[in-house]
Amino acid sequence: MGVPWQFVSDSGTEDFYADIYYGGDIEFNARLIIVPCRFSVHWSRLQMIEQDGLVFLDFEGKSPYNFLKSEGIGSKIIISCDLIFTVFSLLTGKLEQGLKKNRWDIHNIQDFALYKWNLMHLPIVDSYALFMKSIFQSSIQFLPKWPENKRFAVILSHDVDYPEMIRWIEAIRYSFQKRKISLAKIRDILHGEESFWRFTNWTELETANRLKSSFYFTAIKGNLLRYLFIAPDPFYNVGKYNFLTIAEHLKNEGFEIGLHSSFKAFQSEDKFRMEKSHLEHTFRIKITGNRHHYWHINHDRPFDTSLIHQNLGFIYDSSVVMEKHSGFRYGICSPFTFFHPDLQSELSVIQLAPSLMDDHLFGHSKHCSFPSYKEHIDSLLGAVHKYEGMLVVDYHVRVFNETLFPGWANSYRYLISRLSEYGGFYNTTASELADYWKTRSKLIESQSIS
Ligand SMILES: [Zn+2]
């Protein structure tokens, strides 16, 4: 929300007042009263109710019920739904408990509560923050969310999974994917006329539109056997001349290079550390940002993965998203940090949760109801604009290849054109945005009294 806080306890005196009161006494002298859950939570009976422009998660089976009561303009507002617990359950991944995953730990999206309620494109946490801001905006000065009073933020990024085409695999893939196959195209693929080495296509397109992005490279080299039986890691070697050259290009042009940590990286802090230092040493850079290949973190204890990031000196991670559907997996489109329950403290690593991946619009489009990628992108952009949030986008380097990924680069061009129509957004590299958010948070904290 952008405002310092002070926690106070009821002094018992008659004129005691708090802006926000979190408790069961609805007679309390406060502007906003949030009534906590009183009973044990029944996750299986959890319901979603939309009222007065807000979404409420009914943990207690109260509905039908009037969750929001207002005693008139400028007077007390009582919310009989535990917004604090809702935010807690979203930002700790509690809503995902028990969700089935496949052999690569990819969630079964059909069973996910936010998907079932059609809320993947609604950042519930941000909607509560804006609602609370609206209550206090006449009496409290809020710190702007983004630099230069921009309305929303956009982070563009590219995972480097498969930038060197294995020709025979792609020739076979092309033959099976297409209804109408062109023999000339197959010959081009086999003769190396088609390429996944598309770095400069992205940097030129972005530079022409005055945009910056981040590229995530994997430091360890996988292979086909490992891919089939152990972990689906990329096959390239970042120490090769063409990778060193492209890394220089990215650095010189002001793009960020981050680590695309391997599939099992989060399972061993030492191996993870080796990946980071290998990439730093090879590219002669300091790396502050990470994204997990396959978004593969400890899904049940994401704060454990975040603690490893903190120990390794990362400023941010960008891995909290659902593979099979775009949107806000943790119900938030702002940067946030994890709380570690064992340490009983907040972790320092900023979460820049992606909300759109290229494959959401194509390979996984069967899981959504948008007629085309245009409506899909419009829906996400509309949400981020409305809730003054952050859109984190991930397009793989190879998908600029029109033969094997027809229309994919065009969907990115469409996104850029829609962004320029909106205007008024903050774009920088993920690393710089994380730095900005850290500074802003410290400023707010320094004026707060816990
Ligand atoms: Zn990847």
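Hey, can you tell me all the residues within the stretch 262-298 that are within 16 Å of the ligand (Cβ to nearest atom) and within 19 Å of L91 (Cα to Cα)?
R291, H292, W295, H296, I297
Could you please tell me which pairs satisfy a Cβ distance under 7 Å, a separation of 6+ or placement on different chains, a first residue in the stretch 11-27 that is within 21 Å of M132 (Cα to Cα) and without any contact (Cβ under 8 Å) to a residue 24 or more places away in the chain, and a second residue that is part of a loop (DSSP other than H, G, I, E, B) and of a type in the set (A, V, I, L, M)?
A18/V8; G24/V35
So E71 fits all but one of (1) in contact (Cβ under 8 Å) with a residue 12 or more places away in the chain; (2) surrounded by fewer than 16 Cβ atoms within 10 Å (Cβ to Cβ); what number is the exception?
If we test E71 against (1) in contact (Cβ under 8 Å) with a residue 12 or more places away in the chain; (2) surrounded by fewer than 16 Cβ atoms within 10 Å (Cβ to Cβ), just (1) comes out false.
Determine if the stretch 203-225 includes at least one residue that is in contact with a strand residue (DSSP E or B) (Cβ under 7 Å, 6 or more places away or on another chain), closer than 14 Å to D161 by Cβ, among the β-branched types (V, I, T) and modelled with pLDDT of 95 or more.
There is at least one residue in the stretch 203-225 that is in contact with a strand residue (DSSP E or B) (Cβ under 7 Å, 6 or more places away or on another chain), closer than 14 Å to D161 by Cβ, among the β-branched types (V, I, T) and modelled with pLDDT of 95 or more.
Results for (1) over 26 Å from L356 (Cα atoms); (2) among the polar types (S, T, N, Q); (3) surrounded by 22 or more Cβ atoms within 10 Å (Cβ to Cβ); (4) in contact with a helix residue (DSSP H, G or I) (Cβ under 9 Å, 6 or more places away or on another chain), shown as yes or no for each residue.
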{"site": "G239", "(1), (2), (3), (4)": "yes, no, no, yes"}
{"site": "E253", "(1), (2), (3), (4)": "no, no, no, yes"}
{"site": "H260", "(1), (2), (3), (4)": "no, no, yes, yes"}
{"site": "K264", "(1), (2), (3), (4)": "no, no, no, yes"}
{"site": "D270", "(1), (2), (3), (4)": "yes, no, no, no"}
{"site": "M274", "(1), (2), (3), (4)": "yes, no, no, no"}
{"site": "E280", "(1), (2), (3), (4)": "yes, no, no, no"}
{"site": "I297", "(1), (2), (3), (4)": "no, no, yes, yes"}
{"site": "T305", "(1), (2), (3), (4)": "no, yes, yes, yes"}
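What pairs come out if I take residues in the stretch 232-246 that are of a type in the set (G, A, S) and pair them with residues that are away from the ligand (no atom under 16 Å from the Cβ) whose C-beta lies under 8 Å away, six or more apart or interchain?
Short answer, once both residue conditions are applied: G239/T282.
Write out, first by first residue and then by second, each pair whose Cβ atoms fall under 7 Å of each other, whose residues are 6+ apart or on separate chains, and whose first residue, in the stretch 277-294, is closer than 27 Å to I106 by Cβ and in contact (Cβ under 8 Å) with a residue 12 or more places away in the chain while the second is of a type in the set (D, E) and more than 16 Å from the ligand (Cβ to nearest atom).
I287/E280; G289/E256
The values are calculated or read from the model by the stated rules, or taken from the named source; none is laboratory data. Please read all numbers here as calculations on a predicted model, not as lab measurements. Cβ: placed from backbone, ideal geometry, glycine included. Neighbour counts: every protein chain shown.
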